[in-house]
Amino acid sequence: MLQAYYALFSEVSLYAVNLSLLFVLLNLAAFYVFGYVQSCLLKKKTDYRYYNLYREEQFRESASRWYSMSRDEYAEYMEEQDRRALDTVYESFTEFKHAPASGKYYNMSEHGFRHVSNQGPWPLDPANFNIFIYGGSTTIHPGADSHSVASYLQGLLSEKLEKNVCVYNFGRSAYFSTQEKILHSTLLLKGHRPDLAIFFHGLNDFYFYDRQPVTRGCFHLALLEKNRIAREMLNNAQAASPQWGALRKFFTTLPLFRLASLMLSYYENISSTGESHCDNVKNSAATNRMIVDELLHNHQEIRAVSTVFGVKVSFFIQPVPTYGYDLQYHEPFRMLKHSGGFMGQDRAGDGYPMLLNELASVEHSFDDVFSLADIQRDIKRNIYVDHCHYTAWFASVIAGHMSDRLIASGIVNPSWQAAEK
């Protein structure tokens with residue numbers, strides 16, 4: 001009898017060892033093919049790889065020209081971007097900010113602003129004419145520090161004002177007007193009060209049609225995990241039951257399960273966080289109405305809080321590629337025009353007529369709001385480095401329009417001294 005049990009145990013043990021080895025081998029195989037499968041699925045799904053554009057040899061000459069760099073400078077810039085291991089970190093109320101970074105082309109202050117040429121001091125020096133500019137990734141800019149709208153604006157205004165001009169680029173990737181408003185209020189609360197605050201937006205307000213920050217899914221999953229752990233600890237304390245969550249988390253992060261999840265998400269068209277705006281969904285008229293109302297409401301709140309602290313404000317509706325621009329000149333679009341469209345960025349172009357019509361109405365007509373949506377109508381050259389971000393040349397054009405309108409409106413006066421704070 002013992003021999004029979006021993007034989008059965010040996011046979012079961014052998015099966016267990018073989019299954020374990022097979023499981024390990026499958027995970028090793030999944031580890032090595034994961035990247036290849038991911039790239040194949042993404043290519044098959046959109047065939048519109050803006051974010052891989054600059055890494056392909058056939059496009060590098062064009063890309064370096066769009067960034068106003070030589071090929072060697074552009075290659076150096078891309079290597080610098082690859083070394084940025086952590087791009088975002090947690091920030092109270094706004095959910096995230098970009099991580100501090102130091103390099104030749106990209107420098108991000110620990111205080112949350114990207115550097116411009118001849119970056120001004122922090123904290124602010126009241127002897128300077130200080131300007132904060134808020135916006136999304138088009139404001140922070142994908143190229144060199146010196147090629148952003150903020151940097152060009154500082155240079156232009158420095159030539160026209162009697163005081164030394166210092167611009168602080170508080171652009172954040174994926175921010176829309178509600179997050180900009182919160183960031184502005186938070187900075188004022190901390191005592192950082194510029195002479196002028198500029199809000200450069202429009203694109204992301206229509207892109208994030210559900211009015212949720214891009215990191216909403218991360219926090220949602222984190223809270224679910226927190227609640228799960230709390231429940232397991234309670235059950236464990238009351239009934240000595242195992243905490244299976246840690247084991248489940250271990251298995252679901254193994255290469256084999258990640259590969260299966262990747263394929264499932266492709267075929268079922270789902271996101272790991274449940275948050276995906278990178279699609280060709282069109283906003284309804286009701287959704288555009290909600291977006292316009294919220295954007296204009298944010299303008300009102302920003303005006304109100306800024307007035308209390310003696311800060312001038314101005315709002316610029318930014319150019320977007322799908323409104324007022326001849327797409328035959330959009331080189332990235334022509335290079336990769338297969339099936340992906342504008343990956344959701346065309347929603348701004350669809351919503352702009354409603355927004356601009358509202359801004360022209362008596363109720364919402366203010367001297368501090370300027371539309372730059374039409375400045376590209378007569379431009380017959382490429383002005384985008386991808387689906388929506390500006391070339392260095394076009395960033396300088398935008399800054400020129402900003403400077404001209406700020407001075408023509410009287411918001412900025414060439415002889416205006418920095419305000420007492």
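Before we move on, is E294 open to solvent by less than 60 Å² (accessible area, probe 1.4 Å), modelled with pLDDT of 80 or more and acidic (D, E)? Taking the combined requirement at face value, the residue satisfies it.
Would it be correct to say that V292 is under 21 Å from T139 (Cα atoms) and more than 19 Å from the chain's Cα centre (by Cα)?
Working: under 21 Å from T139 (Cα atoms): yes; more than 19 Å from the chain's Cα centre (by Cα): yes.
Considered against the rule, which asks whether it is under 21 Å from T139 (Cα atoms) and more than 19 Å from the chain's Cα centre (by Cα), V292 comes out as yes.
For the stretch 352-375, what are the residues that are open to solvent by less than 10 Å² (accessible area, probe 1.4 Å) and either more than 25 Å from the chain's Cα centre (by Cα) or more than 23 Å from D145 (Cα to Cα) (or both)? Y352, L355, A373 - these are the residues of the stretch 352-375 that are open to solvent by less than 10 Å² (accessible area, probe 1.4 Å) and either more than 25 Å from the chain's Cα centre (by Cα) or more than 23 Å from D145 (Cα to Cα) (or both).
For the stretch 202-224, the tally of residues that are closer than 18 Å to D346 by Cβ and among the polar types (S, T, N, Q) stands at 1. Residues of the stretch 384-395 include none that is among the acidic types (D, E) and surrounded by fewer than 19 Cβ atoms within 10 Å (Cβ to Cβ).
Out of everything in the stretch 121-139 that is open to solvent by 10 Å² or more (accessible area, probe 1.4 Å) and touching a strand residue (DSSP E or B) at 6+ places or on another chain (Cβ under 6 Å), what residue ends up being nearest to M78 (Cα to Cα)?
Residues of the stretch 121-139 open to solvent by 10 Å² or more (accessible area, probe 1.4 Å): 121-128, 137.
Right, trim to touching a strand residue (DSSP E or B) at 6+ places or on another chain (Cβ under 6 Å) and you get 124, 128.
On the way: L124: 32, N128: 34 Å.
For the stretch 121-139, the residue satisfying everything is L124.
Within the stretch 164-222, track down each residue that is crowded, with 17+ Cβ neighbours inside 10 Å and free of Cβ contacts under 8 Å to residues at least 40 places away in the same chain. Selection gives V165 alone.
Across the stretch 61-75, the qualifying residues are those that are assigned to a helix (DSSP H, G or I) and touching a residue at least 40 places away in the same chain (Cβ under 8 Å), and the one among them that is surrounded by the most Cβ atoms within 10 Å (Cβ to Cβ) is W66. Suppose we keep only residues that are buried (at least 19 other Cβ atoms within 10 Å of the Cβ) and of a type in the set (A, V, I, L, M, F, W, C) within the stretch 76-101. Which one would you say is farthest from E57 (Cα to Cα)? Checking each candidate, the answer is F96.
Just checking, how many residues over the stretch 162-198 are among the small types (G, A, S) and farther than 23 Å from R405 by Cβ? Residues that pass the stated criteria total 4.
The values are calculated or read from the model by the stated rules, or taken from the named source; none is laboratory data. Since this is a predicted model, take the numbers as computed values, not measurements. No Cβ is skipped: glycine too gets one built from the backbone with ideal geometry, and neighbour counts run over all protein chains shown. Note: areas computed on protein heavy atoms with side chains; ligands, DNA, RNA excluded. Shrake-Rupley method; radii C 1.70, N 1.55, O 1.52, S 1.80 Å.
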